[in-house]
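Working notes for the structure below.
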Amino acid sequence: MASRLWATGAASYFRISVYNRGFATVAKDLKYADSHEWVKVEGNSTTIGITDHAQDHLGDVVYVELPDEGAEVKQGASFGAVESVKATSDINSPISGKVVEVNTKLNDSPGLVNSSPYEDGWIIKVDVSNTDELKNLMDHDQYSKFCEEEDAKH
């Protein structure tokens with residue numbers, strides 16, 4: 001069950017055209033990077049995407065640059081990009097490993113990143129090479145607090 005995070009100062013900061021709301025959803029069963037990517041861990045396999053908080057800040061996503069299947073990704077390193085009506089942002093891998101699947105639906109429907117960031121808008125699936133790296137990521141509560149503090153600075 002997803003919980004709601006009320007982002008402080010959201011009305012003045014977000015300037016959102018499609019999603020007029022002052023909160024972001026932070027799913028409890030995921031791990032989070034400070035660059036606003038999420039990881040769903042299922043054994044040694046992970047699914048990666050960008051958070052609701054990130055897509056809120058980006059605005060309407062118009063293009064997602066995806067890596068090739070079989071590509072190696074490294075924790076903290078860029079593997080692709082998300083282009084929105086506002087800006088282009090790198091997508092950094094929260095975990096190291098090999099890309100085993102990419103979400104090709106994003107080629108035709110990049111807006112899935114906005115409408116369903118934790119389900120249909122996932123970006124890649126990775127076989128993890130070092131599960132110890134998960135210790136470097138935040139849990140739900142840590143990420144919620146991180147977002148609140150980041151929003152308070154803006």
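The values are calculated or read from the model by the stated rules, or taken from the named source; none is laboratory data. Quantities reported herein were computed from a predicted structural model and do not represent experimental measurements. Quick reminder, even Gly has a Cβ in these numbers, built from the backbone with ideal geometry, and neighbours come from all protein chains shown.
Structural remarks
- Pro110 vs. criteria touching a residue at least 24 places away in the same chain (Cβ under 8 Å) and under 16 Å from Gly76 (Cα atoms): no
- Number of residues in segment 47-100 that are modelled with pLDDT of 95 or more, under 22 Å from Phe146 (Cα atoms) and hydrophobic (A, V, I, L, M, F, W, C) equals 6.
Yes or no, residue by residue, for (1) in contact (Cβ under 8 Å) with a residue 12 or more places away in the chain; (2) surrounded by fewer than 22 Cβ atoms within 10 Å (Cβ to Cβ); (3) touching a Lys or Arg at 6+ places or on another chain (Cβ under 6 Å):
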| position | (1), (2), (3) |
| --- | --- |
| Val26 | yes, no, no |
| Lys31 | yes, no, no |
| Asp34 | yes, yes, no |
| Trp38 | yes, no, no |
| Val41 | yes, yes, no |
| Thr47 | yes, yes, yes |
| Asp52 | yes, no, no |
| Gln55 | yes, no, no |
| Asp60 | yes, yes, no |
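- Total residues in segment 111-146, condition surrounded by 19 or more Cβ atoms within 10 Å (Cβ to Cβ), over 14 Å from Val39 (Cα atoms) and over 13 Å from the mean Cα position of the chain (by Cα): 1
- Take the conditions (1) polar (S, T, N, Q); (2) surrounded by 16 or more Cβ atoms within 10 Å (Cβ to Cβ); (3) in contact with an Asp or Glu (Cβ under 7 Å, 6 or more places away or on another chain); Ser89 misses just one of them, which is (3).
- Of the residues examined, Ser78 is one that is surrounded by 15 or more Cβ atoms within 10 Å (Cβ to Cβ) and without any contact (Cβ under 8 Å) to a residue 24 or more places away in the chain.
- Per this entry, Lys40 is counted among residues that are closer than 15 Å to Thr131 by Cβ and charged (D, E, K, R).
- Restricted to segment 24-46, and to residues there that are of a type in the set (Asp, Glu) and part of a strand (DSSP E or B), the residue that is farthest from Lys125 (Cα to Cα) is Glu37.
- Only one entry of Glu150, Glu65 meets the criterion of being acidic (Asp, Glu), surrounded by 14 or more Cβ atoms within 10 Å (Cβ to Cβ), under 22 Å from Asp34 (Cβ atoms) and touching a strand residue (DSSP E or B) at 6+ places or on another chain (Cβ under 7 Å), and that entry is Glu65.
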